[in-house]
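Only one structure is covered here, and it is reproduced in the block below.
Rule-based calculations on the coordinates, nothing more; no lab input. Quick caveat, the model's predicted, so the values are computed rather than measured.
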Amino acid sequence: MATAEVSPRDLWHELMQFYIHEAWLLDDRKFHEWLDLFTDDVFYFMPRRRNVHRKDLVQELTQVGDLAIFEDDKTYLRMRVERLETGMAWAEDPPSRTRHLVGNLVVERLPKGEVQAKTAFILYRSHHETEENLFAGSREDVLRQVAGQWKIAKRVIVLDANVILAKNLSVFF
C-alpha cells in the first residue's frame, strides 16, 4: 500500500515496529541484517556537539564535512560491520552487550513517498566486567520504501552529551 493511502496512525505504528525490529537486530548483533535496513545511497551522520552561548545555537552542531563523529555511506557502514567479523576489531572482542531503547516517534510525510521520522533513543553498552556507557539522543531519519520495505536513506544522530566518555564508539546507533 502506498504511504499516502495509509492513515497517520497506521503509518506511525508500522514505523514504530520498524524501529523496534532495528533495535533487536543491533542488540542481537545481526549487523548484516541491520545493514539491509539502509538504502544503497544512505548517509549516516553524527555531528559533534559543542557548548555555545544561546546567541550561537545555530553553531551547536557541526555541519557535514566539519569533523563529524560519523559521516558514513553504505560502503563504510559495511566495512565497519565486516571488520567486527575479522577478529581484528580488538575493541569489540569480546563483543559489547547493548540495549537500544527507541521511542518518542514523530512522523512527517515528505514528497515522493518518503517519510521523515524523528526518534529519541537510549543506548546502554556494557563491555568486559567494568565498562558501562549510556548514550542518549535523537535520530532524524528519511525513510523510503524499496520493494515494499522501509529503508533508511538518511540518518542524523545527535547525542545529548558533547563529551563522549566511552573508550570507543564501535557500536551502532
Straight-line reach from Lys30: which lysines have a Cα under 29 Å away, not including same-chain ones fewer than 8 places off?
Lys74, Lys118, Lys151, Lys154, Lys167
For Ser170, the residues 5 or more places away or on another chain with a placed amide H closer than 5 Å to its own amide H are none
So if the hydrodynamic radius of the chain is defined as the Kirkwood radius over C-alpha pairs, what does Stokes-Einstein give as its diffusion coefficient at 37 °C and 0.692 mPa s, in µm² per second?
191
Gaussian network model of the chain, Cα within-10 Å springs - most flexible of Arg139, Arg109, Arg54:
Arg54
So what is the 222 nm mean residue ellipticity for the chain from helices alone, if each DSSP H run of at least 4 adds -39500 (n - 2.57) and you divide by all residues, rounding to the nearest 500 deg cm²/dmol?
-6500 deg cm²/dmol
Starting from the Cα-Cα distance between Leu67 and Gln149, subtract it from 0.36 nm times their residue separation and give me the gain in nm to one decimal.
26.2 nm
